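Working notes, beginning with the structure itself.
The values are calculated or read from the model by the stated rules, or taken from the named source; none is laboratory data. Quantities reported herein were computed from a predicted structural model and do not represent experimental measurements. Glycine also receives a Cβ, built like all others from the backbone with ideal geometry; neighbour counts cover every protein chain displayed. When the accessible area is computed, the model is the full protein with side chains, heavy atoms only, and any ligands, DNA or RNA have been set aside. Shrake-Rupley method; radii C 1.70, N 1.55, O 1.52, S 1.80 Å.
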Amino acid sequence: MDTALELFTTQGFTATSIEQVALACGSGKHTIYRRFKSKADLFLAVMEFQKRKFFNLLVRIQCKKENPLETLKESCRRLLELIVSDEIVDFYRITISEAEHVPEIASNLQCEESPAFLKVLDLVIFAQSSKDLNEIDPKFLTAQLLQVMTGYPLNEVLLGSKGFSSYSKRSKYFEKAWTLFIKGAGRLKKKKVRKRPI
């Protein structure tokens, strides 16, 4: 899987042959064809292999803090670090570039059934139950949070932006994005009105 991934990532789907994969991993192409009916099947298997690795990393991002909102914030911070890592960016880049050849690979990456979405959704609902967030539709809220915390940064990195190339740059962006999210979704605290003496 790792050998095939490296070849697909560096050369693309079209330029990579089963023969090249077999040669690179010291195997015969018939051995590969016994396991995979076609190059497209091998490519799908490689993408699933990478997706599992990504989701296994995702499982470890959640951090328990003093309150649900802090847990959500820290988990989103860790998710941002993960989503702009070289390995994940390469995964998304090849998925996007080859979706035309193998449409099935794009499924479940950015949808409401993906583990990333469901994990953050649970944290959003938890923060809502503790009255830290407004009672907006939690799925809508989660989609907007993921867009600002991961969608935009990932898109920028895929397009070659250096705006997220260091921890310092990512932290500055994260704090601004989190403030924006809280101003839109956070529960507003009522100001105490002082009564003037009559």
| message | Given the criterion free of Cβ contacts under 8 Å to residues at least 60 places away in the same chain and within 30 Å of PHE117 (Cβ to Cβ), identify the matching residue among THR95, THR31. | response | THR95
| said: Among the residues of the stretch 124-152, what is the count of those that are more than 25 Å from VAL84 (Cβ to Cβ) and of a type outside the set (A, V, I, L, M)? | reply: 10
| note | Filtering the stretch 8-23 down to residues that are in a helix (DSSP H, G or I), open to solvent by 30 Å² or more (accessible area, probe 1.4 Å) and modelled with pLDDT of 90 or more yields GLU19, GLN20, LEU23
| If you take the residues in the stretch 153-166 that are without any contact (Cβ under 8 Å) to a residue 24 or more places away in the chain and assigned to a helix (DSSP H, G or I), which one is most open to solvent (accessible area, probe 1.4 Å)? | ASN155
| Across the stretch 93-135, which residue is farthest from PHE49 (Cα to Cα) among those that are open to solvent by 70 Å² or more (accessible area, probe 1.4 Å), at pLDDT 75 or above and not hydroxyl-bearing (Ser, Thr, Tyr)? | LYS131
| message | Among the residues in the stretch 46-57, are any surrounded by fewer than 14 Cβ atoms within 10 Å (Cβ to Cβ), of a type in the set (S, T, N, Q) and in a helix (DSSP H, G or I)? | response | yes
| request: Output the number of the condition that ILE136 fails; it satisfies all remaining conditions of (1) in a helix (DSSP H, G or I); (2) touching a residue at least 24 places away in the same chain (Cβ under 8 Å); (3) among the β-branched types (Val, Ile, Thr). | output: (1)
| Can we say LYS139 is more than 20 Å from ARG77 (Cβ to Cβ), at pLDDT 90 or above and either surrounded by 18 or more Cβ atoms within 10 Å (Cβ to Cβ) or not acidic (Asp, Glu) (or both)? | yes
| request: Considering only residues that are open to solvent by less than 70 Å² (accessible area, probe 1.4 Å) and outside any helix (DSSP H, G or I), look in the stretch 24-45 and name the one that is nearest to ALA99 (Cα to Cα). | output: SER38
| task | Please go through the stretch 58-84 and pick out each residue that is at pLDDT 80 or above, outside any helix (DSSP H, G or I) and surrounded by 14 or more Cβ atoms within 10 Å (Cβ to Cβ). | result | VAL84
